[in-house]
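To start, the structure itself, in structure tokens.
Each reported figure results from applying straightforward, stated rules to the coordinates on display, with no laboratory input. Fair warning: this is a prediction, and the values are worked out from it, not measured in the lab. Cβ sites come from the backbone with ideal geometry, for glycine too, and all protein chains shown count toward neighbours.
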Amino acid sequence: MLKNRRVLALTALMFAFSLFIAWSVPYTHDDWDWGRQIGIESWLTGRYNNRYVGTFFVIVMTRLPLVKTLVMALTMTALPLLCTYLAMGRDWSQERMVLMAVVAYFVVFAMPAITWRQTYGWGAGFSNFTMGSLFLLLLMAALGLLGFGILCSAATTVFAEAVSAALAVWYMSKHTPELVPKKQQWHFDGAII
């Protein structure tokens, strides 16, 4: 029982610190555009970036500062907890599990400033990049509970690497023609498809 209280207390402290950080994040860059009518039009048409879920979150977060603060704080707290859960298992009563969750939390906050600005210090960046990470970790945790964790993790890694390599080859073949002669271009396009 004492260990469960300690886990709850540490989680509450991490959440309280995350609330402070999230409340301190100002609206910057294109957050102002997402908060206007043009943001909704861009989201509905997909004209800006085709990230429909991330754009939905930024539109809501730019209109409701309290929701922005809660979503960011919950996500900031959940990411290291989910990473620890996926890495170490389900037994939160272990002392080392709690310690690893706290260490993971502070490691996230120790990221380089340039990375911080693009992920946690900017509403649109947060909703497009960090929320995607949260959903991926939640999916992995759910699959792990169903007993598919290792299998899905390996398959996801192989799939992501294959898609990344294929897209890189396709992009390079389209944008650096000196690498791929025109007469061989259709080979690359067909290989990607």
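Summary of computed values
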quantity	calculated
Ranked packing of 160-170, 96-106, most packed first, by mean Cβ within 10 Å	96-106, 160-170
Spin-label pair Y52/F17, simplified geometry with 7 Å Cα→Cβ offset, distance in nm	3.8
Ranked by how many other beta carbons lie within 10 Å on average, peptides 135-144, 107-116, 59-68 from highest	59-68, 135-144, 107-116
Residue (of W116, M76, L136) at the positive-pole extreme of region 51-142, dipole from beta-carbon charges	W116
